[in-house]
1. For the range 157-176, indicate whether the set of residues that are part of a helix (DSSP H, G or I), within 16 Å of the ligand (Cβ to nearest atom) and under 24 Å from GLN351 (Cβ atoms) is non-empty.
2. Quick check: anything in the range 93-101 surrounded by 24 or more Cβ atoms within 10 Å (Cβ to Cβ), under 23 Å from GLU20 (Cβ atoms) and free of Cβ contacts under 8 Å to residues at least 40 places away in the same chain?
3. What are the residue pairs meeting all of these: first residue in the range 12-34, first residue at positive phi, second residue within 15 Å of the ligand (Cβ to nearest atom) and of a type in the set (Asp, Glu), Cβ atoms under 8 Å, and 6 or more apart or on different chains?
4. Within the range 1-111, considering only strands (runs of 3 or more DSSP E) that don't extend past its boundaries, which have at least 1 residues that are within 14 Å of the ligand (Cβ to nearest atom), in contact with a Ser or Thr (Cβ under 9 Å, 6 or more places away or on another chain) and among the polar types (S, T, N, Q)?
5. Assess whether GLY216 counts as being surrounded by fewer than 16 Cβ atoms within 10 Å (Cβ to Cβ) and modelled with pLDDT under 95.
6. All but one of (1) more than 28 Å from PRO196 (Cβ to Cβ); (2) assigned to a strand (DSSP E or B); (3) touching a Gly at 6+ places or on another chain (Cβ under 7 Å); (4) not hydroxyl-bearing (Ser, Thr, Tyr) hold for GLU223; which doesn't?
7. Mind telling me which of the residues GLY115, GLY157 ends up being out of contact with any strand residue (DSSP E or B) (no Cβ under 6 Å at 6 or more places or on another chain) and not assigned by TED's automatic domain parsing to the domain that holds ARG222?
8. Which one of these is more than 19 Å from VAL311 (Cα to Cα) and free of Cβ contacts under 8 Å to residues at least 24 places away in the same chain: ASP86, ASP55?
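The values are calculated or read from the model by the stated rules, or taken from the named source; none is laboratory data. Remember, predicted model here, so these are calculated numbers, not experimental data. Backbone-built Cβ (ideal geometry, glycine too); neighbour counts: all protein chains shown.
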Amino acid sequence: MAVRFGIIGAGAITFPSCREIAAHPDAEIVAASDPNAERLAKLAQDFHIPQTFPDSKELMANDDVDAIYIAVPNALHAPLAEAALDAGKHVILEKPFALNTREARAVADAERRSGKRFMLGMNQRFVTGAQKAKYLAASGTLGDIYHAKAFWLRRSGIPRLGTWFGNKQLAGGGSLLDIGVHVMDLALYLMDNFQPEAVSGATYTQFGNRGLGEGGWGISDREDITFDVDDFATAIIKLKGGATLNLDVSWALHQKTPNEMNVNLYGTDAGLSVYPAELYRYAQAEGDYQVIQNPKADRLYSHTSRFHNFVNAIQGTEEQCVTIEQALAVQSIIDAIYESCKTGREVRLDQ
Ligand SMILES: NC(=O)c1ccc[n+]([C@@H]2O[C@H](COP(=O)([O-])OP(=O)(O)OC[C@H]3O[C@@H](n4cnc5c(N)ncnc54)[C@H](O)[C@@H]3O)[C@@H](O)[C@H]2O)c1
């Protein structure tokens, strides 16, 4: 049976997401909701969505809807996910999970109560380089992975200034919550280690507060909302077993290139990078060193879509890639980075 989707939020990310949902042979989009009538009408027209509601409560109460995709300002993530689960719907939620771990735990409780699926839509896990890296790491090619370096550094990439994106109350955080979560989640996934023990971090607000560093993302109207979130964050995360992860992320930063992004893994036998997929190791012949571009690796999935994984998991034909425990671990690290910045101390998560 086809999985019938309801969509909450008709903003910028929803359009490409709906293209992915619509591309699954066993998924259809039957309803959508957004208080912004213009964006809702455009979404409904583009994807031939028969039912639209200004209020998401009506969509959640609709019996035609099996699963809900939530893509709204961050402050609404956890409350809407919890309500959708309690309404008996499967949920795929945009990152970041929540404003904080307390909220995220409330969603985890709702998932348990409902018996429905909840998945955080970590799309970077499904890109080809990430899938290759996962295969190589999981099959032991790297040996013992003892360190990873995850970074996403934009020179001028703050989402439209004056919108909810730059406000602590509405977004929960800035670059760290918006793009830091992607590369952090991917690094932990590739290391197969979601057990943080200690976190030291610092965050900075240096550009957005001065009206600088705006990038291309964002279609929401400017409302002169105060910019009070981080536009740079750095952290060192110690994991159970002794491995470490170094994270650097910026929405705006003085640097040579407009965008630098990668997840590098360092193992006892080899290293690799994800964007693009490359493998680094000694060759058999002594003295040589191999940089293998686009290394051979089996595909983990026959697709590159979080939505395909979610639908297949609902239908029982594929394991769900992103678990709620993993999403909770990432959220707890985010909280710890902000806490460490506030206190100037390392935050222990293993006590
Ligand atoms: N996975 C990714 O790579 C990725 C990329 C971009 C954005 N996102 C995430 O997606 C979410 C949305 O981002 P965006 O860029 O589309 O934002 P956006 O500002 O373009 O859109 C948000 C939409 O939510 C609507 N909305 C607000 N309250 C609502 C409610 N109660 N019910 C229904 N709709 C409501 C707004 O009217 C707006 O149309 C954010 O959490 C962001 O972090 C993820």
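1. Yes, there is a match, as at least one residue in the range 157-176 is part of a helix (DSSP H, G or I), within 16 Å of the ligand (Cβ to nearest atom) and under 24 Å from GLN351 (Cβ atoms).
2. yes
3. Pairs that qualify, where the first residue is at positive phi and the partner is within 15 Å of the ligand (Cβ to nearest atom) and of a type in the set (Asp, Glu): there are none.
4. Details: elements: 3-8, 27-33, 51-53, 67-70, 90-93.
Qualifying strands (runs of 3 or more DSSP E): 27-33, 51-53.
5. Taking the combined requirement at face value, the residue satisfies it.
6. (2)
7. Values: GLY157 fails: not assigned by TED's automatic domain parsing to the domain that holds ARG222.
Checking each option against the conditions leaves just GLY115.
8. Working: ASP86 fails: free of Cβ contacts under 8 Å to residues at least 24 places away in the same chain.
That would be ASP55, the only listed residue that is more than 19 Å from VAL311 (Cα to Cα) and free of Cβ contacts under 8 Å to residues at least 24 places away in the same chain.
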